[in-house]
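Reading through the structure tokens given below for one structure.
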There are 2 protein chains.
Amino acid sequence: MADIGTLLSEIVGVEHVLAGDAISEDYAHDEALSRDPVKPAYVVRPETAEQVARILKAASDQGVSVTARGSGSGLSGASVPLANGVLISFERMNAILEIDTENHVAVVQPGVTLQELDAKTAEHGLVYTVYPGELSASLGGNVGTNAGGMRAVKYGVTRHNVLGLEAALPTGELIRTGGKYVKASTGYDLTQLIIGSEGTLALVTEAVLKLHPRLPHQGTVLAPFTDLDEVARAVPKVVGSGLGPLIVEYIDGLTMGAITYSSQLKLGIPADVRDTSHAYLVVMLENRTQDRLGEDIEELGELLGGLGAKDVYVLDGPSARKLIDAREKAFFTAKAAGADDIIDTVIPRASLPEFMARTREIAQENNTFVIGCGHAGDGNVHLAVLQKDPEVRARVLRALFEAGIGLGGAISGEHGIGRKHVQSFVELTDPTTVDLMRRIKTAFDPAGILNPGVLF
Amino acid sequence: MADIGTLLSEIVGVEHVLAGDAISEDYAHDEALSRDPVKPAYVVRPETAEQVARILKAASDQGVSVTARGSGSGLSGASVPLANGVLISFERMNAILEIDTENHVAVVQPGVTLQELDAKTAEHGLVYTVYPGELSASLGGNVGTNAGGMRAVKYGVTRHNVLGLEAALPTGELIRTGGKYVKASTGYDLTQLIIGSEGTLALVTEAVLKLHPRLPHQGTVLAPFTDLDEVARAVPKVVGSGLGPLIVEYIDGLTMGAITYSSQLKLGIPADVRDTSHAYLVVMLENRTQDRLGEDIEELGELLGGLGAKDVYVLDGPSARKLIDAREKAFFTAKAAGADDIIDTVIPRASLPEFMARTREIAQENNTFVIGCGHAGDGNVHLAVLQKDPEVRARVLRALFEAGIGLGGAISGEHGIGRKHVQSFVELTDPTTVDLMRRIKTAFDPAGILNPGVLF
């Protein structure tokens, strides 16, 4: 049996295969909290789709595990390799192949970052609307986890904005799915099946992304409420208003304190309002014209006032940017504040008050600190769990997942299952469904080389 | 081995199992043209999801084929049964289970029609935005074919508006996928895999549908152009304008003549304009306020004028409704005019002029009449083919499919492959992809009972 290291060198050239001490710490982890880093046997850096397919064929033949890595900004451990496995880093496949202004489509390699794509689409007055917190994230990673973010309430998540893929199968072939069109009824939708599969079915070597016109005018409103229940009750009204909000975020009082402090953000909220406000709603609107934006913001303000907001602050551009930036960095704020885990349970948005009440109970019962913010318009709650004892923490997480599933939700809205939540996923999901997913996995990956230990 | 008829009677009661002459002609066909009707051995009418699951288990055990039928309005033969098989008719599973105004979700059984759902959502100021031509179509059938329609350019097709499913597996279990939330990264997206699978993977017993606020104001503009190339060039500009059109349809001159004649529609277009206009663009806008709608229509008119429209007609409410109705009935007009086949190839929308040029060549080369209309904003071209000779017709269809695929498109945008286009699908699709789809099929349906002969 040929040595996998030798085979990899034949495929990509010896200078693009790393082993032993040549593998930097960067390749050993993602941003998942409370996970030990793992260095793989080899890091390989392909340049073409054909090379990726050949790597997978060689790994299948040799029974060696393969993990894909984009920017390593994931939160679930799905890009952490196995110690005896191969890590494919897509850092060299980082070209924006096309911005098609007629079809409103971008074609990108998996290593392109959101930031690079955003800069390029802006030149054409277009935008790729998926904005998860971390703009250094790669498009390949976004497809793997079905990344979401704040703008999902208006534009959907990755799943709704990827029109087609080129992907390498574990069996060594390249396939193309979908294309530069928004609809097809021509066989099973392999695009959607691969999106969110966390590197367990096929590796994306090219993605066709849907672009939208970039609307020039945006406005942000911040509304403090007495408590989270009030915020949660306001959310369906805001989403259903017809105003088409771009962002509908909730931030609890503690998290708001932490992120405004850490980003030195002055919002001009009087102390008496701040002291009695335990939850905030942030709503951003966008429009083609400044006039309409102004009208909409006024209407939104009246609506929020009627729904119990203690006041309504229309933020100026720099303050709004700072607040949204700070909200996007809430994960890092939580991390810096000593959070031991982050979860992102999704529930029907109207069940937010009930879920948050249950969260408070679980936190109290387990003497654990749980704070958060989230995509309220989508019912996607991001909670930071501060609890050093791994056993207690595991119990808290499990109870939170059970509460979410009990309300008709799911474990993760956008971070994924990865290696972190496998046990909960397998135990809390109907066995028939898990078995069916395993059979689908085998249909793609008969040798079981792609990211073993992720999902199942 | 027990007789399948006896088993079916045990499951649903003898009065809901039809055989022999008790099976009416209605169950033997859908709306696909040039297909012979086929009566199944049994028609079975379950009332519950559990009954559907038990029927599938019995059929798997006995090796009997099963075809699902909603309203029978499909255009691809996917609900036409096999002569020795079982047809499951969902006519008794026709309840709207819930209109959830907080989460903006409807929960329906598969036999509910679009018309019934539209009436019910209207009571709450909400709307299910998928409007394929035929409102007697069932939601189950819509999910099976991934139905589209005119409003897809703004709101997407069925795939983008179904949040979750309950489905019966051929192996006899019920599964639930997704839920009342718009995003999840929690295992493979089985919802999306089942949508558009044309009854070959699992049978939908319940669907969770996304609803939108129903915007009160709509306006329709009709613009005649010299030829289809001009229309096709205008489309990306209209879609990219930021006006967010609800409908962007093209209608060729002959089809416009036919549908206005057959529906006795007077649009007030002067004879000299009509005689020199070989293609029309129909754009519908919607808005929350009448003022904004008026402004947008004015802007649209100016835009179209600059793009070569010979004139711009803002239709009054009744005329607009009549035109849209007539366009929706274009299939029936084509059928009445003697069309022998209808196809709905999808291509990147900017490739419309090239595809239409190739269509003209193919029509001329084969002495065949090909006319049409279509969802221009989506690049989804509906063509009626008038050619009695089945061999020549097959050659024309194949050439049209090849032309579409050659431009980066797919055989069907919304009608599906069904039984009609199986050979073209299998022969024109990369064998690796077809093999992978077959393995997925086997993962769901090891006994191969669900709709054999559809897709593959």
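Numerical summary
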item	result
Residue check, A:Thr177 closer than 26 Å to B:Ala78 by Cβ and among the β-branched types (Val, Ile, Thr)	yes
Check on A:Pro236, farther than 30 Å from B:Leu201 by Cα and either among the polar types (S, T, N, Q) or touching a residue at least 60 places away in the same chain (Cβ under 8 Å) (or both)	yes
Candidate set: the stretch A:55-90, residues that are hydrophobic (A, V, I, L, M, F, W, C) and surrounded by fewer than 24 Cβ atoms within 10 Å (Cβ to Cβ); chosen: the one farthest from A:Asn146 (Cα to Cα)	A:Ala58
Among (1) at pLDDT below 95; (2) of a type in the set (D, E, K, R); (3) under 26 Å from A:Ala58 (Cβ atoms) - the single one A:Glu134 does not satisfy	(3)
Yes/no for B:Val204 being under 18 Å from the mean Cα position of the chain (by Cα), of a type in the set (Val, Ile, Thr) and at pLDDT below 95	no
Unmet requirement for B:Ala137, which otherwise passes all of (1) among the small types (Gly, Ala, Ser); (2) away from chain A (no Cβ under 11 Å); (3) surrounded by fewer than 22 Cβ atoms within 10 Å (Cβ to Cβ)	(3)
Filtered residue count, the stretch B:445-456, keeping only those that are surrounded by fewer than 24 Cβ atoms within 10 Å (Cβ to Cβ) and either in a helix (DSSP H, G or I) or within 7 Å of chain A (Cβ to nearest Cβ) (or both)	0
Some residue of the stretch B:177-192 being in contact (Cβ under 8 Å) with a residue 60 or more places away in the chain and among the basic types (Lys, Arg)	yes
Residue, farthest from the chain's Cα centre (by Cα), within the stretch A:430-444, restricted to residues that are under 16 Å from A:Ile194 (Cβ atoms) and either buried (at least 16 other Cβ atoms within 10 Å of the Cβ) or modelled with pLDDT under 95 (or both)	A:Ala443
The stretch B:1-18, residues that are surrounded by 15 or more Cβ atoms within 10 Å (Cβ to Cβ), aliphatic (A, V, I, L, M) and without any contact (Cβ under 8 Å) to a residue 60 or more places away in the chain	B:Leu7, B:Ile11, B:Val12, B:Val17, B:Leu18
Candidate set: the stretch B:237-255, residues that are more than 18 Å from A:Thr289 (Cα to Cα) and among the β-branched types (Val, Ile, Thr); chosen: the one farthest from the other protein chains (Cβ to nearest Cβ)	B:Thr255
From the options A:Gly219, A:Gly148, residue that is more than 30 Å from B:Asp344 (Cβ to Cβ), buried (at least 21 other Cβ atoms within 10 Å of the Cβ) and either in contact with a Ser or Thr (Cβ under 6 Å, 6 or more places away or on another chain) or within 11 Å of another protein chain (Cβ to nearest Cβ) (or both)	A:Gly148
Residue satisfying all of: in the stretch B:385-401; in a helix (DSSP H, G or I) and either hydroxyl-bearing (Ser, Thr, Tyr) or over 21 Å from the mean Cα position of the chain (by Cα) (or both); surrounded by the fewest Cβ atoms within 10 Å (Cβ to Cβ) among these	B:Glu391
Enumeration of residues in the stretch A:286-321 that are within 14 Å of chain B (Cβ to nearest Cβ), surrounded by 17 or more Cβ atoms within 10 Å (Cβ to Cβ) and of a type in the set (S, T, N, Q)	A:Asn287
Some residue of the stretch B:24-38 being within 14 Å of chain A (Cβ to nearest Cβ), out of contact with any Gly (no Cβ under 8 Å at 6 or more places or on another chain) and within 21 Å of B:Gly448 (Cα to Cα)	no
Filter pass, A:His382 being more than 7 Å from every other protein chain (Cβ to nearest Cβ), in contact with an Asp or Glu (Cβ under 6 Å, 6 or more places away or on another chain) and either under 21 Å from A:Arg159 (Cβ atoms) or not in a loop (DSSP other than H, G, I, E, B) (or both)	yes
Condition check for A:Ile405: in contact with a Phe, Trp or Tyr (Cβ under 7 Å, 6 or more places away or on another chain), in a helix (DSSP H, G or I) and within 13 Å of chain B (Cβ to nearest Cβ)	no
When residues of the stretch A:364-379 are limited to those that are within 24 Å of the chain's Cα centre (by Cα) and away from chain B (no Cβ under 14 Å), the one surrounded by the most Cβ atoms within 10 Å (Cβ to Cβ)	A:Cys373
From B:Gly70, B:Gly74, B:Gly63, residue being within 14 Å of chain A (Cβ to nearest Cβ) and either over 30 Å from A:Lys154 (Cα atoms) or free of Cβ contacts under 8 Å to residues at least 12 places away in the same chain (or both)	B:Gly74
Filter result (more than 7 Å from chain B (Cβ to nearest Cβ) and within 23 Å of the chain's Cα centre (by Cα)) within the stretch A:174-189	A:Thr177, A:Gly178
Scan of the stretch A:174-230 for residues that are part of a strand (DSSP E or B) and aliphatic (A, V, I, L, M), ordered by number	A:Leu174, A:Ile175, A:Leu203, A:Val204, A:Ala207, A:Val208, A:Leu209, A:Val221, A:Leu222, A:Ala223
Given (1) more than 8 Å from chain A (Cβ to nearest Cβ); (2) under 23 Å from B:Asp252 (Cα atoms), number of the condition B:Arg438 does not satisfy	(2)
Residue within the stretch B:158-173 that is facing chain A (nearest Cβ under 7 Å), β-branched (Val, Ile, Thr), farther than 17 Å from A:Thr191 by Cβ and more than 22 Å from the chain's Cα centre (by Cα) present	no
Output for the stretch B:102-134, where each listed residue is within 13 Å of chain A (Cβ to nearest Cβ) and either over 25 Å from B:Arg45 (Cα atoms) or touching a Gly at 6+ places or on another chain (Cβ under 6 Å) (or both)	B:Glu102, B:Asn103, B:His104, B:Val105, B:Thr121, B:His124, B:Gly125, B:Leu126, B:Val127, B:Val130, B:Pro132
Test: residue in the stretch A:183-204 that is closer than 30 Å to A:Asp296 by Cβ and among the polar types (S, T, N, Q)	no
Scan of the stretch A:409-435 for residues that are farther than 19 Å from A:Gly148 by Cα, at the interface with another protein chain (Cβ under 7 Å from one of its Cβ atoms) and outside any loop (DSSP other than H, G, I, E, B), ordered by number	A:Phe425, A:Thr432, A:Thr433
Condition broken by B:Asp227, with the remaining ones in (1) over 25 Å from the mean Cα position of the chain (by Cα); (2) of a type in the set (D, E, K, R); (3) within 14 Å of chain A (Cβ to nearest Cβ) satisfied	(3)
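The values are calculated or read from the model by the stated rules, or taken from the named source; none is laboratory data. Note that the coordinates shown come from a computational prediction; the quantities given were computed from them, not determined experimentally. Neighbour counts run over all protein chains shown; Cβ positions are idealised from the backbone, glycine included.
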